[in-house]
Amino acid sequence: MNADFADVPLTWTNALGEVVHKEDYVEAIAQDPILICWNIVCVIHASGQWRKAFHDTIVISNVNQWFTEDPTEVPTMELLHDVKTQWDSAYFMINRMCALHLAIDHFLSLPCGSNDELSGLRLTALEWEVLQDLEVVLEIPHEVQQCMSSESRPILSKAVPAFETVILRWRALAKHTPHCGAIINAGLDWAEQYYQSSFTVVDPTIHITWVDHHWGPKASDIRDLVLHTMTEYCSRLPVRQVGTQPVEPAQATHPRPFWTLAARYGLPSMELNQAPQAPSSVEQEFNAYVSAPLSPNGTDPLAFWEASKSLYPIVFTITLNYLPIQASSVPCKHVFSSSSETDMKKHNHITPALMEALQMLKFGLKKECLDFTRGWITPKRDMAV
(Lines give C-alpha, C1' and ligand atoms only; values in the text may rest on other atoms or scores of the structure.)
Protein backbone atom coordinates (compact mmCIF):
# COMPACT_ATOMS: atom_id res chain seq x y z
CA MET A 1 0.00 0.00 0.00
CA ASN A 2 1.52 3.30 -1.14
CA ALA A 3 0.77 5.58 1.80
CA ASP A 4 2.88 8.49 3.01
CA PHE A 5 2.73 8.89 6.79
CA ALA A 6 5.30 11.70 6.98
CA ASP A 7 2.70 14.29 8.03
CA VAL A 8 0.83 11.96 10.40
CA PRO A 9 1.26 12.63 14.15
CA LEU A 10 3.37 10.18 16.14
CA THR A 11 0.35 9.11 18.20
CA TRP A 12 -3.44 9.40 18.05
CA THR A 13 -6.46 8.06 19.87
CA ASN A 14 -8.74 5.53 18.20
CA ALA A 15 -12.50 5.15 18.60
CA LEU A 16 -12.02 3.08 21.78
CA GLY A 17 -9.90 5.75 23.43
CA GLU A 18 -6.69 3.76 23.04
CA VAL A 19 -3.45 5.44 22.03
CA VAL A 20 -2.06 4.23 18.71
CA HIS A 21 1.59 4.76 17.77
CA LYS A 22 2.39 5.60 14.17
CA GLU A 23 5.33 3.22 14.04
CA ASP A 24 3.16 0.27 15.10
CA TYR A 25 0.38 1.29 12.69
CA VAL A 26 2.78 1.52 9.74
CA GLU A 27 4.21 -1.88 10.64
CA ALA A 28 0.68 -3.35 10.69
CA ILE A 29 0.05 -1.94 7.22
CA ALA A 30 3.35 -3.44 6.01
CA GLN A 31 2.02 -6.89 6.94
CA ASP A 32 -0.65 -6.40 4.23
CA PRO A 33 -3.81 -7.28 6.20
CA ILE A 34 -5.85 -7.28 2.96
CA LEU A 35 -3.71 -10.13 1.61
CA ILE A 36 -4.11 -11.97 4.90
CA CYS A 37 -7.90 -11.59 4.61
CA TRP A 38 -7.75 -12.91 1.07
CA ASN A 39 -5.78 -15.96 2.24
CA ILE A 40 -8.23 -16.61 5.10
CA VAL A 41 -11.17 -16.59 2.71
CA CYS A 42 -9.33 -18.85 0.24
CA VAL A 43 -8.42 -21.41 2.89
CA ILE A 44 -11.88 -21.59 4.46
CA HIS A 45 -13.66 -21.73 1.08
CA ALA A 46 -11.25 -24.28 -0.37
CA SER A 47 -12.67 -27.09 1.76
CA GLY A 48 -16.26 -27.94 2.49
CA GLN A 49 -15.09 -29.26 5.84
CA TRP A 50 -13.48 -25.96 6.81
CA ARG A 51 -16.51 -24.04 5.55
CA LYS A 52 -18.85 -26.15 7.70
CA ALA A 53 -16.51 -25.90 10.70
CA PHE A 54 -16.50 -22.10 10.43
CA HIS A 55 -20.31 -22.00 10.16
CA ASP A 56 -20.64 -24.30 13.20
CA THR A 57 -18.22 -22.09 15.13
CA ILE A 58 -20.49 -19.08 14.65
CA VAL A 59 -23.65 -20.99 15.60
CA ILE A 60 -22.20 -22.68 18.70
CA SER A 61 -20.45 -19.53 19.91
CA ASN A 62 -23.65 -17.49 19.57
CA VAL A 63 -25.57 -20.08 21.59
CA ASN A 64 -22.97 -20.13 24.35
CA GLN A 65 -22.25 -16.38 24.11
CA TRP A 66 -18.52 -16.97 23.81
CA PHE A 67 -17.80 -13.87 21.76
CA THR A 68 -19.07 -11.12 24.04
CA GLU A 69 -21.31 -10.40 26.98
CA ASP A 70 -23.42 -8.25 24.67
CA PRO A 71 -26.56 -10.19 23.69
CA THR A 72 -26.04 -9.09 20.07
CA GLU A 73 -25.03 -12.15 18.10
CA VAL A 74 -22.43 -12.44 15.38
CA PRO A 75 -24.32 -12.82 12.08
CA THR A 76 -24.29 -16.26 10.52
CA MET A 77 -22.87 -15.37 7.12
CA GLU A 78 -20.33 -16.65 4.64
CA LEU A 79 -17.05 -14.91 3.96
CA LEU A 80 -16.84 -13.01 0.69
CA HIS A 81 -14.00 -13.20 -1.79
CA ASP A 82 -12.30 -10.31 -3.55
CA VAL A 83 -12.95 -10.49 -7.31
CA LYS A 84 -10.71 -8.55 -9.68
CA THR A 85 -13.50 -7.88 -12.18
CA GLN A 86 -15.58 -6.06 -9.53
CA TRP A 87 -13.72 -3.08 -8.13
CA ASP A 88 -15.79 -2.75 -4.93
CA SER A 89 -15.49 -6.44 -4.06
CA ALA A 90 -12.50 -5.54 -1.87
CA TYR A 91 -14.84 -3.37 0.20
CA PHE A 92 -17.36 -6.22 0.48
CA MET A 93 -14.64 -8.64 1.58
CA ILE A 94 -13.30 -6.26 4.24
CA ASN A 95 -16.80 -5.34 5.39
CA ARG A 96 -17.72 -8.99 5.88
CA MET A 97 -14.40 -9.73 7.61
CA CYS A 98 -14.97 -6.90 10.09
CA ALA A 99 -18.52 -8.08 10.75
CA LEU A 100 -17.24 -11.59 11.53
CA HIS A 101 -13.92 -10.70 13.11
CA LEU A 102 -14.84 -12.20 16.52
CA ALA A 103 -15.81 -15.50 14.92
CA ILE A 104 -12.71 -15.46 12.69
CA ASP A 105 -10.38 -14.85 15.64
CA HIS A 106 -12.02 -17.66 17.62
CA PHE A 107 -11.93 -20.06 14.67
CA LEU A 108 -8.26 -19.38 13.90
CA SER A 109 -7.34 -19.87 17.57
CA LEU A 110 -8.70 -23.42 17.56
CA PRO A 111 -6.24 -26.33 17.14
CA CYS A 112 -5.55 -26.91 13.46
CA GLY A 113 -4.57 -30.56 13.79
CA SER A 114 -2.50 -31.81 10.89
CA ASN A 115 -3.57 -28.92 8.63
CA ASP A 116 -1.10 -26.05 8.77
CA GLU A 117 -2.89 -23.81 6.26
CA LEU A 118 -4.65 -21.80 8.97
CA SER A 119 -1.53 -21.28 11.05
CA GLY A 120 -0.11 -17.79 10.86
CA LEU A 121 -3.29 -16.25 9.44
CA ARG A 122 -4.59 -14.75 12.66
CA LEU A 123 -4.66 -10.95 12.53
CA THR A 124 -3.38 -8.79 15.37
CA ALA A 125 -5.56 -6.19 17.04
CA LEU A 126 -3.77 -3.39 15.18
CA GLU A 127 -4.17 -5.18 11.85
CA TRP A 128 -7.91 -5.44 12.52
CA GLU A 129 -7.90 -1.70 13.20
CA VAL A 130 -6.21 -1.08 9.84
CA LEU A 131 -8.94 -3.12 8.15
CA GLN A 132 -11.64 -1.12 9.90
CA ASP A 133 -10.02 2.12 8.72
CA LEU A 134 -9.86 0.78 5.16
CA GLU A 135 -13.53 -0.14 5.39
CA VAL A 136 -14.41 3.45 6.33
CA VAL A 137 -12.29 4.84 3.49
CA LEU A 138 -13.70 2.47 0.85
CA GLU A 139 -17.30 2.88 2.00
CA ILE A 140 -17.45 6.40 0.52
CA PRO A 141 -16.70 5.46 -3.13
CA HIS A 142 -18.76 2.30 -2.68
CA GLU A 143 -21.89 4.28 -1.82
CA VAL A 144 -21.32 6.63 -4.75
CA GLN A 145 -20.86 3.69 -7.11
CA GLN A 146 -24.12 2.16 -5.87
CA CYS A 147 -25.90 5.46 -6.51
CA MET A 148 -24.50 5.77 -10.03
CA SER A 149 -25.29 2.15 -10.82
CA SER A 150 -28.97 2.72 -10.06
CA GLU A 151 -29.34 4.66 -13.35
CA SER A 152 -29.96 2.78 -16.56
CA ARG A 153 -27.64 5.05 -18.56
CA PRO A 154 -25.03 6.59 -16.22
CA ILE A 155 -23.37 9.12 -18.54
CA LEU A 156 -20.04 10.76 -17.76
CA SER A 157 -21.49 14.18 -16.93
CA LYS A 158 -23.48 12.67 -14.06
CA ALA A 159 -20.20 11.44 -12.60
CA VAL A 160 -19.10 15.00 -11.79
CA PRO A 161 -21.41 15.46 -8.75
CA ALA A 162 -20.61 11.89 -7.73
CA PHE A 163 -16.87 12.43 -7.79
CA GLU A 164 -17.30 15.79 -6.09
CA THR A 165 -19.02 13.90 -3.25
CA VAL A 166 -16.19 11.38 -3.02
CA ILE A 167 -13.48 14.04 -3.00
CA LEU A 168 -15.19 16.27 -0.43
CA ARG A 169 -16.00 13.39 1.93
CA TRP A 170 -12.50 11.95 1.60
CA ARG A 171 -10.95 15.34 2.34
CA ALA A 172 -13.18 15.77 5.40
CA LEU A 173 -12.23 12.28 6.61
CA ALA A 174 -8.53 12.96 6.04
CA LYS A 175 -8.79 16.19 8.04
CA HIS A 176 -10.63 14.49 10.90
CA THR A 177 -8.40 11.37 10.96
CA PRO A 178 -4.90 12.19 9.66
CA HIS A 179 -3.77 8.56 9.71
CA CYS A 180 -6.58 7.73 7.27
CA GLY A 181 -5.53 10.74 5.22
CA ALA A 182 -2.27 8.98 4.40
CA ILE A 183 -4.31 6.20 2.81
CA ILE A 184 -6.84 8.56 1.21
CA ASN A 185 -4.27 10.74 -0.58
CA ALA A 186 -3.33 7.92 -2.92
CA GLY A 187 -6.98 7.50 -3.90
CA LEU A 188 -7.49 11.26 -4.23
CA ASP A 189 -4.78 11.48 -6.88
CA TRP A 190 -6.62 8.99 -9.08
CA ALA A 191 -10.06 10.44 -8.36
CA GLU A 192 -9.03 14.01 -9.19
CA GLN A 193 -7.29 12.88 -12.37
CA TYR A 194 -10.48 11.20 -13.60
CA TYR A 195 -12.67 13.96 -12.20
CA GLN A 196 -10.88 16.74 -14.10
CA SER A 197 -11.47 14.92 -17.38
CA SER A 198 -15.25 14.99 -16.91
CA PHE A 199 -17.24 17.16 -19.35
CA THR A 200 -20.66 18.34 -18.13
CA VAL A 201 -21.46 20.88 -20.82
CA VAL A 202 -22.92 18.21 -23.13
CA ASP A 203 -25.61 17.29 -20.60
CA PRO A 204 -28.78 19.29 -21.41
CA THR A 205 -29.94 19.03 -17.80
CA ILE A 206 -26.70 20.53 -16.39
CA HIS A 207 -24.95 22.69 -19.02
CA ILE A 208 -22.40 24.53 -16.90
CA THR A 209 -24.64 25.62 -14.01
CA TRP A 210 -23.37 22.94 -11.63
CA VAL A 211 -19.80 24.15 -12.09
CA ASP A 212 -20.88 27.77 -11.57
CA HIS A 213 -22.61 26.91 -8.30
CA HIS A 214 -19.96 24.64 -6.79
CA TRP A 215 -16.56 25.61 -8.15
CA GLY A 216 -16.58 29.34 -7.46
CA PRO A 217 -13.63 31.18 -9.08
CA LYS A 218 -12.55 28.00 -10.89
CA ALA A 219 -15.75 28.14 -12.97
CA SER A 220 -14.18 30.81 -15.22
CA ASP A 221 -11.33 28.40 -16.01
CA ILE A 222 -13.86 25.76 -17.05
CA ARG A 223 -15.64 28.27 -19.28
CA ASP A 224 -12.33 29.15 -20.93
CA LEU A 225 -11.60 25.44 -21.39
CA VAL A 226 -14.99 24.85 -23.02
CA LEU A 227 -14.52 27.83 -25.34
CA HIS A 228 -11.04 26.64 -26.28
CA THR A 229 -12.37 23.15 -26.99
CA MET A 230 -15.22 24.56 -29.06
CA THR A 231 -12.76 26.63 -31.07
CA GLU A 232 -10.71 23.54 -31.86
CA TYR A 233 -13.79 21.58 -32.92
CA CYS A 234 -15.11 24.51 -34.95
CA SER A 235 -12.00 24.41 -37.17
CA ARG A 236 -12.93 20.85 -38.15
CA LEU A 237 -16.50 21.67 -39.16
CA PRO A 238 -17.56 22.62 -42.69
CA VAL A 239 -18.26 26.34 -42.90
CA ARG A 240 -21.89 25.81 -43.83
CA GLN A 241 -22.64 23.96 -40.56
CA VAL A 242 -21.90 26.99 -38.40
CA GLY A 243 -24.74 29.47 -38.29
CA THR A 244 -27.30 27.40 -40.22
CA GLN A 245 -30.94 27.60 -39.41
CA PRO A 246 -32.13 24.59 -37.37
CA VAL A 247 -34.74 22.39 -38.91
CA GLU A 248 -36.41 21.55 -35.62
CA PRO A 249 -36.68 23.22 -32.20
CA ALA A 250 -34.41 21.90 -29.48
CA GLN A 251 -37.12 20.11 -27.58
CA ALA A 252 -38.76 18.40 -30.57
CA THR A 253 -38.20 14.70 -31.13
CA HIS A 254 -40.68 14.29 -34.03
CA PRO A 255 -41.96 16.26 -37.06
CA ARG A 256 -43.83 19.52 -36.35
CA PRO A 257 -47.44 18.67 -37.20
CA PHE A 258 -48.88 22.08 -36.25
CA TRP A 259 -46.41 23.93 -38.48
CA THR A 260 -47.15 21.55 -41.37
CA LEU A 261 -50.89 21.94 -40.88
CA ALA A 262 -50.68 25.75 -40.85
CA ALA A 263 -48.43 25.85 -43.92
CA ARG A 264 -50.87 23.69 -45.89
CA TYR A 265 -53.62 26.28 -45.50
CA GLY A 266 -51.40 29.35 -45.75
CA LEU A 267 -51.81 30.27 -42.08
CA PRO A 268 -49.17 31.54 -39.66
CA SER A 269 -47.53 28.94 -37.45
CA MET A 270 -49.70 27.90 -34.54
CA GLU A 271 -46.72 26.80 -32.44
CA LEU A 272 -46.00 28.82 -29.34
CA ASN A 273 -42.28 28.04 -29.27
CA GLN A 274 -40.60 29.20 -32.47
CA ALA A 275 -37.20 27.86 -33.45
CA PRO A 276 -34.51 30.36 -32.48
CA GLN A 277 -31.86 31.61 -34.87
CA ALA A 278 -28.68 29.56 -34.87
CA PRO A 279 -25.57 31.43 -33.58
CA SER A 280 -22.91 32.44 -36.10
CA SER A 281 -19.74 32.22 -33.96
CA VAL A 282 -18.19 30.11 -31.23
CA GLU A 283 -18.82 32.70 -28.53
CA GLN A 284 -22.42 33.23 -29.62
CA GLU A 285 -23.12 29.49 -29.67
CA PHE A 286 -21.55 29.04 -26.25
CA ASN A 287 -23.51 31.93 -24.73
CA ALA A 288 -26.74 30.80 -26.39
CA TYR A 289 -26.32 27.25 -25.11
CA VAL A 290 -25.36 28.03 -21.51
CA SER A 291 -28.05 30.72 -21.20
CA ALA A 292 -30.80 28.48 -22.56
CA PRO A 293 -33.22 26.97 -20.01
CA LEU A 294 -32.12 23.65 -18.60
CA SER A 295 -33.97 20.59 -19.74
CA PRO A 296 -35.94 18.85 -16.97
CA ASN A 297 -34.40 15.92 -15.17
CA GLY A 298 -35.00 12.71 -17.03
CA THR A 299 -34.60 14.28 -20.47
CA ASP A 300 -33.18 11.80 -22.95
CA PRO A 301 -29.84 13.34 -24.02
CA LEU A 302 -29.85 11.37 -27.28
CA ALA A 303 -33.24 12.75 -28.29
CA PHE A 304 -32.24 16.26 -27.23
CA TRP A 305 -29.09 16.35 -29.33
CA GLU A 306 -30.74 14.67 -32.30
CA ALA A 307 -33.17 17.59 -32.34
CA SER A 308 -30.61 20.29 -31.47
CA LYS A 309 -27.65 19.30 -33.62
CA SER A 310 -28.32 22.05 -36.15
CA LEU A 311 -28.91 24.67 -33.45
CA TYR A 312 -25.63 23.99 -31.59
CA PRO A 313 -23.45 22.32 -34.26
CA ILE A 314 -20.14 22.79 -32.43
CA VAL A 315 -21.40 21.52 -29.06
CA PHE A 316 -23.09 18.66 -30.90
CA THR A 317 -19.76 17.64 -32.44
CA ILE A 318 -18.20 17.63 -28.97
CA THR A 319 -21.16 15.62 -27.70
CA LEU A 320 -20.45 12.86 -30.21
CA ASN A 321 -17.12 12.25 -28.45
CA TYR A 322 -18.13 12.70 -24.81
CA LEU A 323 -21.74 11.56 -24.48
CA PRO A 324 -21.05 7.88 -25.37
CA ILE A 325 -18.54 7.63 -22.51
CA GLN A 326 -20.15 5.56 -19.78
CA ALA A 327 -19.62 6.60 -16.16
CA SER A 328 -20.10 3.01 -15.06
CA SER A 329 -19.69 -0.36 -16.74
CA VAL A 330 -22.62 -1.86 -14.82
CA PRO A 331 -25.26 -1.48 -17.59
CA CYS A 332 -22.85 -2.97 -20.12
CA LYS A 333 -22.21 -5.90 -17.80
CA HIS A 334 -25.96 -6.40 -17.42
CA VAL A 335 -26.34 -6.67 -21.19
CA PHE A 336 -23.55 -9.22 -21.42
CA SER A 337 -24.91 -11.16 -18.44
CA SER A 338 -28.33 -11.40 -20.08
CA SER A 339 -26.70 -13.06 -23.09
CA SER A 340 -26.56 -16.29 -21.08
CA GLU A 341 -30.34 -16.43 -21.37
CA THR A 342 -30.01 -16.52 -25.15
CA ASP A 343 -26.77 -18.42 -25.74
CA MET A 344 -27.62 -21.65 -23.95
CA LYS A 345 -26.42 -25.22 -24.37
CA LYS A 346 -29.28 -25.94 -26.76
CA HIS A 347 -28.69 -22.67 -28.65
CA ASN A 348 -24.91 -22.70 -28.95
CA HIS A 349 -24.64 -22.31 -32.76
CA ILE A 350 -25.84 -18.70 -32.92
CA THR A 351 -23.55 -16.58 -35.08
CA PRO A 352 -22.02 -13.42 -33.57
CA ALA A 353 -24.06 -11.18 -35.87
CA LEU A 354 -27.33 -12.86 -34.90
CA MET A 355 -26.34 -12.82 -31.24
CA GLU A 356 -25.73 -9.08 -31.41
CA ALA A 357 -29.05 -8.50 -33.15
CA LEU A 358 -30.95 -10.58 -30.59
CA GLN A 359 -29.31 -8.79 -27.68
CA MET A 360 -30.08 -5.36 -29.13
CA LEU A 361 -33.67 -6.39 -29.88
CA LYS A 362 -34.18 -7.77 -26.38
CA PHE A 363 -32.69 -4.66 -24.79
CA GLY A 364 -34.84 -2.40 -26.98
CA LEU A 365 -38.03 -4.27 -26.10
CA LYS A 366 -37.27 -4.05 -22.38
CA LYS A 367 -36.64 -0.31 -22.63
CA GLU A 368 -39.66 0.43 -24.84
CA CYS A 369 -41.72 3.28 -23.43
CA LEU A 370 -45.49 3.46 -23.24
CA ASP A 371 -47.22 5.39 -26.02
CA PHE A 372 -50.80 6.21 -25.03
CA THR A 373 -51.60 7.71 -28.45
CA ARG A 374 -50.56 4.62 -30.37
CA GLY A 375 -53.40 3.39 -32.57
CA TRP A 376 -55.28 6.70 -32.67
CA ILE A 377 -54.54 7.15 -36.38
CA THR A 378 -56.46 4.66 -38.49
CA PRO A 379 -54.29 3.25 -41.30
CA LYS A 380 -55.80 2.88 -44.75
CA ARG A 381 -55.27 -0.86 -44.81
CA ASP A 382 -57.72 -1.22 -41.91
CA MET A 383 -60.41 0.45 -44.03
CA ALA A 384 -59.90 -1.73 -47.09
CA VAL A 385 -62.99 -3.73 -47.99
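The values are calculated or read from the model by the stated rules, or taken from the named source; none is laboratory data. This structure is a prediction, so every number in the text was calculated from the model and none was measured. Please note that ligands, DNA and RNA were not included when accessible areas were found on the heavy atoms of the full protein model with its side chains. Shrake-Rupley method; radii C 1.70, N 1.55, O 1.52, S 1.80 Å.
Things worth noting here:
- Carbon plus sulfur fraction of accessible area for region 11-149, probe 1.4 Å, in percent: 54 percent
- Across region 34-39, computed HN-Hα scalar couplings (Karplus, 6.51 cos²θ - 1.76 cosθ + 1.60, θ = phi - 60°) run 5, 5, 5, 4, 4, 5 Hz from first to last residue, x flagging Gly and Pro.
- Among the protein heavy atoms, those of M355 account for about 30 Å² of accessible surface (1.4 Å probe, every chain in place).
- Average accessible area per residue (Å²) across region 11-149 - probe 1.4 Å, nucleic acids and ligands excluded: 55 Å²
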